Amino acid sequence: MLNDYMYRGVWRNLKRLRSMSAAQKVRYMARVVVGELLPARVFGIHALRLVEISLTDRCQCCCGHCFAATQDREDELAAADVERLLRDLARLGIVEICFSGGEPLLHPEIVPLVAHASEQGLLVRMISNGILLTEDMVVRLKRAGLQWCSVSLDGPTSAVHDAFRGYPGCFDRAVGGLRYLVHNNIPCSIVTVARRELIKSGGLHDLVKLGDEIGVSVVRINFPVPIGRFSDQEDQVLTLAERQEVRRLLRYGNTTMESPREGTTCKAGVTKVNILPNGDVTPCAFIPLPFGNIHQDRFADIWKAMMSHSSMFKTRGQCSACDPATRARIREFAAMHEDTLGHAARLHGPVLGVEGVAGACPRLHPISSVPGRIDRQCSVDQRAT
């Protein structure tokens, strides 16, 4: 089954390359093969392929598992800084970027930024909650050069999804956005988290069926990670038996996950990195340990520093933040390098044992200036179901 899964993954990657030149396609596939598919990746071969850029902390939702919701302030990257970063990434040979958040469609320059990334020869992806994915927005994003869009769904029905997100009507808008993407021939995916209640209720299976009905390219299933608003819910971390049960869904041709087997190691700091809305560069959104900041350091220097320490993130079979021993190593690293790395010793939010208020939503307050937002106070009660 795993070999079939791997080859399907190669085919999914190829679908994203339709608008690239022949040289760009060759370079992209070389990075995918060298950086991800060969067993040598486990032994430290670094081929940075994907940079995820979290454009803004702003979001309309109050999700029960949000990794960013416990930040004490809202940050947002300026368009000029993002454009400069995109040019640097293209010069370094990076082939793929992903705009995320928060909600990237709340960034006022999102369409021009997609266009600028595409002009630099980068394959452009996006992760959205789908609320603002109207037909007009989808058409504008396609013209700008968007080549893949992932939309988050936390349940197969509006009752489950809207309650978990704290936003009435979110499910219908997200599904509508996915249908617009499919209609406009933009490869797209559903992204979900394998919460224990979805496993027991059969909701994950129903999400896979929903993805097939909509016509998405893939349904991506992530395991729960105890950070952000999940940081006080260690019981959400799946057992080995539960992870194996989720992996049974790989038998469907439209399903994928980052850890398809227990021997899979994390890609953070090897083939991908994450840039936060304040400019900090971390291995991924789930490992909020900055190795530098794009406002102060060259990206190439930050990446070089991260490469030399990436082995500490290599938990097998699940996210490193799910493993207590790995979290302890990261905490120890942050403490040991506080003097030499400066701001790189800061861990963001109540994660990895750092003090903070889990479950609260201090940055999501009623603001009518956010498009599509319902004026309401986000509360812990809204993370139900």
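Residues F99, F286, ordered by accessible area of protein heavy atoms at a 1.4 angstrom probe radius and largest first, appear as F286, F99. Neighbours of I302, meaning other residues whose beta-carbon lies under 12 angstrom from its beta-carbon, give a summed charge of -2 when Lys and Arg score +1 and Asp and Glu score -1. Each 10 Å bin, from zero up to the one with the longest distance, holds this percent of the alpha carbon pairs of the range 130-220: 18, 50, 26, 5, 0.
From most to least packed by mean Cβ count within 10 Å, the peptides 112-125, 288-301, 240-253 give 112-125, 288-301, 240-253. In this structure the amide hydrogen of S128, modeled in the peptide plane, comes within under 5 Å of the amide hydrogens of S150, V151, S152, none closer than 5 places in sequence on its chain.
Counting Lys and Arg as +1 and Asp and Glu as -1 over every other residue whose Cβ lies under 12 Å from the Cβ of D136, the net charge comes to +2. The range 139-168 and the range 107-126 have their alpha-carbon centroids 19 Å apart.
The values are calculated or read from the model by the stated rules, or taken from the named source; none is laboratory data. These numbers come from a predicted model, not from an experiment. Neighbour counts run over all protein chains shown; Cβ positions are idealised from the backbone, glycine included. What goes into the accessible areas is simple: the full protein's heavy atoms, side chains included, and nothing from ligands, DNA or RNA. Shrake-Rupley method; radii C 1.70, N 1.55, O 1.52, S 1.80 Å.
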